[in-house]
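The values are calculated or read from the model by the stated rules, or taken from the named source; none is laboratory data. Because the structure is a prediction, the values reported are computed rather than measured. Neighbour counts are summed over all protein chains in view; Cβ atoms, including those assigned to glycine, are modelled from backbone coordinates with ideal geometry.
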Amino acid sequence: MFEAMEREGLYPPELRLEADVIFTVVLCNTPVYGPETARWLKQFEPLNLSGNQKRLLAYAREHDGTFTSRAYQRLAGVDLYTASRDIKDLIRKGIVRLIKKGGRVYRVIEHDVRTTEMPLPDQFLQIEPFLGKQGYVKNEDVRKILGISRTRAKRLLEEWVAAGLLRLQGKGRGSQYVPFRNGSVSLGNGSV
């Protein structure tokens with residue numbers, strides 16, 4: 001229930017215990033964000049952000065596109081380590097960056113992940129011809145083409161899924177990664 005409410009941009013369920021015998025769950029269909037902010041946050045859907053990360057981006061949007069780790073800790077009620085992990089994840093996904101090296105202020109990078117062509121990672125470019133020919137790649141294909149370990153291939157595939165370049169189909173040994181087709185990701189020469 002909590003996850004569903006958060007996913008839809010609604011306030012979380014409110015749990016109440018009255019007189020030690022009556023337990024009540026209150027569900028509000030009031031959106032957490034205004035319509036404009038909710039539309040702006042939709043661009044990040046392919047990146048699988050947590051509710052706290054979305055709250056941070058909405059906060060930054062209303063504060064000149066900037067935030068600090070301390071502001072995030074207060075906003076989300078998280079500790080320093082959780083804040084650091086979440087912010088590093090946003091940096092890795094290309095959503096935020098430090099304003100200056102060694103600084104403490106982060107800025108949201110202005111781009112719409114649905115429409116902006118972002119440069120493709122070099123390693124992705126190496127598997128692109130195979131992907132164009134076969135229509136999908138597997139972990140073993142990435143390992144062979146790039147000459148890397150199973151674990152490294154898995155991490156790369158997860159990053160490419162998070163970046164919206166690929167979409168996972170299947171589970172376990174039958175897993176295949178296919179081009180993410182939403183009209184927004186251009187895979188180089190357009191062969192995919």
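General observations
- Scanning the stretch 136-156 for residues that are of a type in the set (A, V, I, L, M, F, W, C) and more than 20 Å from residue 91 (Cβ to Cβ) gives 137, 142, 145, 146, 148, 153.
- Enumeration of residues in the stretch 46-77 that are crowded, with 17+ Cβ neighbours inside 10 Å, farther than 13 Å from residue 106 by Cα and aliphatic (A, V, I, L, M): 47, 49, 58, 76
- Residue check for residue 62: over 30 Å from residue 161 (Cα atoms), among the acidic types (Asp, Glu), modelled with pLDDT of 80 or more and in contact with a Ser or Thr (Cβ under 9 Å, 6 or more places away or on another chain): no
- Residue within the stretch 69-79 that is at pLDDT below 80 and outside any helix (DSSP H, G or I) present: no
- Residues that are in a helix (DSSP H, G or I) and either touching a residue at least 40 places away in the same chain (Cβ under 8 Å) or more than 20 Å from residue 94 (Cα to Cα) (or both) do not occur anywhere in the stretch 26-34.
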